[in-house]
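Data block below; observations after.
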Amino acid sequence: MSIIVQKFGGTSVATAEKIRNAASRAIAAKKAGHQVVVVVSARGKKTDELVDLATEITGTPSPREMDVLLSTGEQETIALMAMAIHTLGEKAVSLTGPQIGIMTDEASTKARIRQIKTGRIHDLLDAGNIIVAAGFQGHDQIGNITTLGRGGSDTTATALAAVLNASLCEIYTDVEGVFTTDPRIVAEARQVHQISYDEMLELASLGAGVMHSRSIEFAKKYRVPLRVRPSFNEGSGTLISLQPLDPTPVVTGVALVKNELRVSLYNVPDRPGVMSLIFEKMAARKIPIDLVVQDIAEGGTAEISFTVPKDDFAEAVTAAEEAVEILGQGKVRHGTQLAKVSIVGSGMQTHTGVAAQLFQTLASHGINVLMISTGDIKISVLIDADRALDAVKAIHNDFGLDKLEIPKPHVGESLKGVSVETHPLDEKREREVVLRLANMEDIVVSDVIVDTTQARVTIKNLVDKAGIAANLFSVVAEGGVMVDMIVQNVSQKGRTNITFTIPANDLEKCLKLVKNAVEMDGEVTLTHDAEIAKISVAGIGLRSHTGVGEKMFRTLSDHDINILLVGASEMRMTAVINKSQANAAEKALCEMFLGPEI
Ligand code: ADP
Ligand code: ASP
Ligand code: MG
């Protein structure tokens with residue numbers, strides 16, 4: 001008999017009536033012939049209330065006690081939901097995370113799932129029960145209750161669907177499905193009926209709060225088809241699977257993190273091991289770092305900036321200061337009141353000029369870009385927080401997302417085993433890696449890719465004003481040069497540096513274009529390097545897994561390989577290095593991540 005997992009978010013179980021409504025959906029699925037596992041969140045704003053209460057007691061609550069506290073929210077809902085199912089005449093049993101046997105690591109408040117026992121669930125399902133499972137929680141090896149991080153019930157649901165080999169995991173929420181951007185911010189946002197795991201993973205980890213990004217990692221790793229659906233009507237919502245929308249739009253969505261903070265390390269020595277040290281310090285605290293930008297060094301020193309989530313800020317600054325102390329040179333500075341806006345789309349891989357269009361949109365609204373970082377299917381920019389909403393609206397409009405042609409879902413679509421022809425080799429490797437995982441949320445790196453066809457172009461000391469990136473990249477795109485990575489670090493004394501990579505064959509042409517595009521006043525310098533290699537590790541959830549960057553940069557540093565540029569996305573972690581070291585880097589990274597078997 002097929003198993004369906006249904007997850008109900010906070011607003012969908014906020015009141016007795018809503019709980020009854022959710023209970024009826026579970027019963028309907030059972031009556032349709034499925035075994036049903038329901039995963040629930042805490043009711044309404046319960047988790048926020050508990051957090052506030054803890055803050056009234058102490059500014060520095062113990063993470064262990066936070067988990068004991070927050071897990072009560074979900075425990076309340078499971079009991080109420082089981083009772084509601086009983087009153088509607090069906091059998092149901094509620095189970096907390098520890099009762100199910102969701103075993104996690106020890107990282108209180110951000111625990112990762114190691115294993116899930118399925119014996120008790122199968123027994124109860126076979127006895128005709130609907131299981132009502134508490135989302136967001138598990139227990140560590142010695143029995144402490146742990147939680148998976150805010151929004152973690154999505155991850156519980158998807159992980160259960162994975163271990164139970166469910167035919168579908170439905171995420172019931174308070175919107176019609178996944179939209180081109182948060183419909184509460186942009187009224188014109190359109191629902192997408194279908195989106196790929198990769199796009200959804202990037203969107204979620206770049207701020208689209210509709211799904212917990214780790215749940216998409218599970219879904220992709222274990223090929224769980226997910227459907228985000230409204231709990232308030234019968235809408236069919238959005239299918240998240242291997243396939244993107246067809247035809248694939250260049251940009252599928254815009255994501256926003258309103259409260260981003262920047263940490264910069266200035267004047268640090270430019271030598272192998274610096275990036276590794278920073279990643280190691282952050283990984284030790286499980287702080288995901290994003291928008292990592294290392295400026296091409298000058299006079300033996302480097303500047304590295306990255307952004308971190310608001311809650312991790314104090315720890316991140318402490319960690320950065322520790323790093324500077326070990327390096328024996330440098331200064332830590334930080335910036336607040338910043339926002340990160342990102343565009344995501346599978347179609348970006350095959351289209352030129354997307355970055356140029358993004359920068360033009362921002363420039364035409366007078367929004368200055370403070371930092372830029374790109375990935376395969378995403379571009380992120382850091383801007384002033386007070387312009388964040390303007391930026392999202394403008395981008396959404398300029399990329400025509402309000403008019404996105406949305407194909408209707410296919411009638412009777414097959415949910416399991418969706419076949420997609422893309423990257424069959426990567427797929428096979430990825431499957432092998434997933435099958436070998438000791439713990440469900442362990443890092444999945446399935447490939448190491450070297451690209452020696454690119455060249456680097458760096459423009460230093462550009463006068464920092466709205467429109468410089470727009471102008472530069474428009475000219476380059478119009479000249480027919482396909483830009484790959486772009487990084488821009490924060491400006492100092494009103495001047496900024498932009499580095500990008502392009503096909504080495506286009507270097508001469510590109511340099512001419514750049515000279516025409518930027519005003520080469522006395523201070524501006526233009527440098528290039530065709531002797532570079534781009535080396536990437538590819539896999540699933542690489543930016544959120546703080547250990548990937550740490551391992552990658554440590555491996556490179558152990559082999560005395562200096563890093564010139566860094567790019568991070570959930571699909572790839574990339575470093576630009578000297579071409580002469582490409583073979584050594586590839587060998588070392590293959591040994592580190594892929595082991596001897598592959
Ligand atoms: P739940 O409690 O059901 O888990 P969440 O509040 O976590 O619900 O997620 C749903 C919310 O996500 C929506 O109310 C919406 O404001 C927000 N959201 C952000 N980005 C998007 C997007 N791209 N598509 C749909 N909703 C989004
Ligand atoms: N109740 C938890 C939270 O509010 C988990 C969840 O709802 O997914 O973050
Ligand atoms: Mg949620």
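Kindly list, by first and then second residue, each pair from a residue in region 54-70 that is part of a helix (DSSP H, G or I) to a residue that is aromatic (Phe, Trp, Tyr) and at pLDDT 95 or above, limited to pairs with Cβ atoms under 9 Å and residues at least 6 apart or on different chains.
Pairs that qualify, where the first residue is part of a helix (DSSP H, G or I) and the partner is aromatic (Phe, Trp, Tyr) and at pLDDT 95 or above, are LEU70/PHE136.
Every residue in region 199-228 that is more than 14 Å from ligand 3 (Cβ to nearest atom), in a loop (DSSP other than H, G, I, E, B) and crowded, with 24+ Cβ neighbours inside 10 Å, please.
LEU206, VAL224
Here is a yes/no grid of residues against (1) assigned to a strand (DSSP E or B); (2) at pLDDT 90 or above; (3) in contact with a strand residue (DSSP E or B) (Cβ under 7 Å, 6 or more places away or on another chain); (4) surrounded by fewer than 23 Cβ atoms within 10 Å (Cβ to Cβ):
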{"site": "THR496", "(1), (2), (3), (4)": "yes, no, yes, no"}
{"site": "PHE500", "(1), (2), (3), (4)": "yes, yes, yes, no"}
{"site": "LEU507", "(1), (2), (3), (4)": "no, yes, yes, yes"}
{"site": "ALA533", "(1), (2), (3), (4)": "yes, yes, yes, yes"}
{"site": "GLY547", "(1), (2), (3), (4)": "no, no, no, yes"}
{"site": "SER557", "(1), (2), (3), (4)": "no, yes, no, yes"}
{"site": "GLN581", "(1), (2), (3), (4)": "no, yes, no, yes"}
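Could you pull out the residue among GLY253, GLY235 that is out of contact with any helix residue (DSSP H, G or I) (no Cβ under 7 Å at 6 or more places or on another chain) and either within 30 Å of VAL433 (Cα to Cα) or not aliphatic (A, V, I, L, M) (or both)?
Every option except GLY235 fails the conditions.
Going through region 136-164 one residue at a time, which ones are polar (S, T, N, Q) and either within 16 Å of ligand 2 (Cβ to nearest atom) or out of contact with any Lys or Arg (no Cβ under 9 Å at 6 or more places or on another chain) (or both)?
We begin by selecting, within region 136-164, every residue polar (S, T, N, Q); these are 137, 141, 144, 146-147, 153, 155-156, 158.
Within region 136-164, GLN137, THR146, THR147, SER153, THR155, THR156, THR158 meet the criteria.
If we keep just the residues of region 364-374 that are closer than 23 Å to SER264 by Cα and more than 15 Å from the chain's Cα centre (by Cα), which is modelled with the highest pLDDT?
Ranking the qualifying residues of region 364-374, first place goes to ILE367.
For region 305-319, does any single residue satisfy the condition of being within 22 Å of VAL251 (Cβ to Cβ) and of a type outside the set (Asp, Glu)?
Residues of region 305-319 within 22 Å of VAL251 (Cβ to Cβ): 307.
Adding the requirement that they be of a type outside the set (Asp, Glu) leaves 307.
Looking through region 305-319, at least one residue is within 22 Å of VAL251 (Cβ to Cβ) and of a type outside the set (Asp, Glu).
Can you tell me how many residues within region 375-386 are modelled with pLDDT of 90 or more, closer than 30 Å to PRO244 by Cα and part of a strand (DSSP E or B)?
Result for region 375-386: 6.
Out of the residues in region 118-143 meeting the condition of being away from ligand 1 (no atom under 16 Å from the Cβ) and farther than 20 Å from ILE4 by Cβ, tell me which one is surrounded by the most Cβ atoms within 10 Å (Cβ to Cβ).
GLY138
Residues to consider are GLY235, GLY207; find the one that is under 23 Å from THR11 (Cβ atoms), within 16 Å of ligand 2 (Cβ to nearest atom) and not aromatic (Phe, Trp, Tyr).
GLY207
Is it true that some residue in region 467-482 is surrounded by 19 or more Cβ atoms within 10 Å (Cβ to Cβ) and either modelled with pLDDT under 85 or part of a strand (DSSP E or B) (or both)?
no
Okay, residues lined up against (1) under 23 Å from ALA219 (Cβ atoms); (2) within 16 Å of ligand 1 (Cβ to nearest atom):
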position: SER24; (1), (2): no, no
position: LYS31; (1), (2): no, no
position: ALA42; (1), (2): yes, yes
position: ILE57; (1), (2): no, no
position: PRO98; (1), (2): no, no
position: MET103; (1), (2): yes, no
position: GLU106; (1), (2): no, no
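Working only within region 150-182, note down all residues that are within 12 Å of ligand 1 (Cβ to nearest atom) and at positive phi.
GLY151, GLY177
Residues that are of a type in the set (Phe, Trp, Tyr) and open to solvent by less than 20 Å² (accessible area, probe 1.4 Å): list the helices (runs of 4 or more DSSP H) wholly contained in region 267-374 that include at least 1 such residues.
Values: elements: 274-284, 313-327, 354-364.
Here the list reads 274-284, 354-364.
I'm checking my understanding of the structure. Among residues of region 171-193 that are away from ligand 2 (no atom under 15 Å from the Cβ) and closer than 30 Å to GLN35 by Cβ, which one is surrounded by the most Cβ atoms within 10 Å (Cβ to Cβ)?
VAL178
Somewhere in region 44-67, is a residue within 20 Å of ARG120 (Cα to Cα), within 16 Å of ligand 2 (Cβ to nearest atom), at pLDDT 95 or above and out of contact with any Asp or Glu (no Cβ under 7 Å at 6 or more places or on another chain)?
So the first thing to find is which residues in region 44-67 are within 20 Å of ARG120 (Cα to Cα), and the list is none.
Taking every residue of region 44-67 in turn, none turns out to be within 20 Å of ARG120 (Cα to Cα), within 16 Å of ligand 2 (Cβ to nearest atom), at pLDDT 95 or above and out of contact with any Asp or Glu (no Cβ under 7 Å at 6 or more places or on another chain).
Residues of region 322-339 being under 26 Å from the mean Cα position of the chain (by Cα) and charged (D, E, K, R), which ones?
ARG333
Test each condition in (1) within 26 Å of LEU168 (Cα to Cα); (2) buried (at least 19 other Cβ atoms within 10 Å of the Cβ); (3) away from ligand 1 (no atom under 16 Å from the Cβ); (4) touching a residue at least 40 places away in the same chain (Cβ under 8 Å) for VAL5 and report the one that comes out false.
Looking at each condition in turn, VAL5 falls short on (3).
Given ARG20, ARG25, which one is farther than 30 Å from ASP442 by Cβ, open to solvent by 50 Å² or more (accessible area, probe 1.4 Å) and either outside any strand (DSSP E or B) or hydrophobic (A, V, I, L, M, F, W, C) (or both)?
Among ARG20, ARG25, only ARG20 is farther than 30 Å from ASP442 by Cβ, open to solvent by 50 Å² or more (accessible area, probe 1.4 Å) and either outside any strand (DSSP E or B) or hydrophobic (A, V, I, L, M, F, W, C) (or both).
May I ask you to verify whether THR77 is touching a Phe, Trp or Tyr at 6+ places or on another chain (Cβ under 9 Å) and surrounded by 16 or more Cβ atoms within 10 Å (Cβ to Cβ)?
Yes, satisfied.
The values are calculated or read from the model by the stated rules, or taken from the named source; none is laboratory data. Keep in mind the model is a prediction, meaning the values are calculated, not measured. With ideal geometry, Cβ positions are generated from the backbone for all residues, glycine too; neighbour counts draw on all protein chains shown. Note: accessible area is taken over every heavy atom of the protein model, side chains too, but ligands, DNA and RNA are not part of it. Shrake-Rupley method; radii C 1.70, N 1.55, O 1.52, S 1.80 Å.
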